[in-house]
Amino acid sequence: MPDIVDFAGRTILAIFAHPDDESLACGGTLARLADAGARVVVMCASRGERGSFSSGSVVSGNDLPTARAQELEEAAHVLGVAELIVLHHPDGDLRWANVPQFHAEIVAAIERTRPDGVITFAEDGLYWHLDHIGVHERTFTAVKSFGPWAPPLYYVTMKQGLMQEIVAAARANGAHHLKGKPFNVEPDAFGDYAKPPDFLVDVHEWVPRKLAALRCHRTQIGPDNAFHHITDEQARRLLGVEQFRRSPLDAGWESVIEQLGERVAG
Ligand SMILES: [Zn+2]
């Protein structure tokens, strides 16, 4: 069914740190935007060479960045991403390494793609991951450098308690062997002390695509990851809403991604 909002001719640039962030943070919204006609461009700062190997993974150490870049390509295809930009900044050091270069790359991507909106992590980096916080900082300063011509900037956050619910659902399905820490992170850290969202995007219809995209990241989401064990119905219930906050940088501009959303009272 076509979306009620038409994004034909519009471009959305989403900037994240590692392969899998795009799907985990807002895969439903990216797929919905693509289906509504937007040209969705994803920039990923690293190839995630310091990521984990899921149990059963056949990839060896040297091949991990190549495998993760390939997984990202598959996920991007599932989500309907029109263009994928994969940078080679050092995973684990994104907050401090190559700062002027990374800044210049984001500025160049904005100049070239002329996005109607930019999406990135909020100050909390989804779960206080320093790489994610670094990408938030670089994106904020790059967008800010456009002054009055800065495109609207959106921060994605996760609902606090959601990751615990996902782990509990997977365990209820019999996955007792599960690592208690999806992505090697305490579930409590996801959304912890994040600033509250301005608006929520209903992605219930796009949850199957979000889950399929997440599962393209096989080195990260294997049998030891909760996302491997939730049913489609649980996924719909748990992942059907994504949340955003608009940066105060560009308050004078029109609404863009808000058009998909429902404002949070407050
Ligand atoms: Zn990440």
Give me, ordered by chain and number, the residues 5 or more places off ILE85 or on other chains with an amide H under 5 Å from its own placed amide H. VAL42, MET43, CYS44
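With +1 on the Cβ of every Lys and Arg and -1 on the Cβ of every Asp and Glu, and nothing else charged, how large is the dipole of the chain about its Cα centre, in debye rounded to the nearest 20? Mind dumping the intermediate values first?
Details: 25 positive and 36 negative charges, 29 e Å.
It comes to approximately 140 debye.
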Using the Karplus curve 6.51 cos²θ - 1.76 cosθ + 1.60 with θ = phi - 60°, what ³J(HN,Hα) values do you get for each residue of region 152-161, in whole Hz, with x for Gly and Pro? x, 10, 10, 10, 9, 10, 10, 5, 5, x
Just give me a number: lysine pairs in the chain, eight or more positions apart or cross-chain, with C-alpha atoms less than 26 Å apart. 9
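What part of the accessible area of the chain, given as a whole %, is carbon or sulfur when the probe is 1.4 angstrom? Let's see the in-between values first.
Details: 5970 of 11270 Å².
Result for the chain: 53 percent of the exposed heavy-atom area is carbon or sulfur.
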Built amide H within the under 5 Å cut-off of ARG39, gap 5+: GLY9, ARG10, THR11, ILE12
The chain accessible area per residue, 1.4 Å probe, protein heavy atoms, integer Å², reads 42
Residues with amide H under 5 Å from that of ALA17, placed H, sequence gap 5 or more: ALA45
Intensity falloff of region 143-228 expressed as log10 I(q)/I(0), Debye formula with alpha-carbon point scatterers, at q = 0.16, 0.18 Å⁻¹: -0.79, -0.93
Hey, if you put +1 on the Cβ of every Lys and Arg and -1 on every Asp and Glu Cβ in region 2-157, which of GLY28, HIS136, GLY80 ends up farthest toward the positive end of that dipole? HIS136
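For the chain, what proportion of DSSP beta bridges, expressed in % and rounded to the nearest 5, is antiparallel? Numbers along the way, then the final one.
Numbers: 11 of 28 bridges.
In the chain, approximately 40 percent of DSSP beta bridges are antiparallel ones.
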Per DSSP H run of n ≥ 4, the term is -39500 (n - 2.57); total these for the chain, divide by its residue number, and report the mean residue ellipticity at 222 nm rounded to 500 deg cm²/dmol. -11000 deg cm²/dmol
Could you tell me the relative contact order of the chain? Use alpha-carbon pairs under 8 Å, at least six residues apart, and round to a whole percent. 25
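Which whole-number value in Å³ per residue fits the convex hull of the alpha carbons of region 80-186? Walk me through the numbers on the way to the answer.
Numbers: hull volume 14.4 nm³, N = 107.
Looking at region 80-186, the number lands at 134 Å³ per residue.
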Cα-projected label distance for ASN184 with ASP93, points at 7 Å along beta-carbon direction, nm: 1.6
Taking the dipole about the Cα centre of region 199-238, with the C-beta of Lys and Arg at +1 and of Asp and Glu at -1, give me whichever of THR219, GLN234, VAL201 is farthest to the positive side. THR219
Debye log10 I(q)/I(0) for region 1-120, one point scatterer per Cα, at q = 0.23, 0.24 Å⁻¹: -1.31, -1.38
Give the calculated FRET efficiency between GLU254 and LYS144 to the nearest 0.05, with a Förster radius of 22 Å applied to their Cβ-Cβ distance. 0.75
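Taking the Cβ-Cβ separation of LYS159 and GLN101 as r and a Förster radius of 30 Å, what is the calculated FRET efficiency to the nearest 0.05? Walk me through the intermediate numbers first.
Numbers: r = 34 Å, r/R0 = 1.14.
Calculated value: 0.30.
The values are calculated or read from the model by the stated rules, or taken from the named source; none is laboratory data. None of the values given here were measured: they were computed from a predicted structure. So basically every Cβ, Gly included, is an ideal-geometry build from the backbone, and we count neighbours across all protein chains shown. Remember, those area values only see protein heavy atoms, side chains included, never the ligands or the DNA or RNA. Shrake-Rupley method; radii C 1.70, N 1.55, O 1.52, S 1.80 Å.
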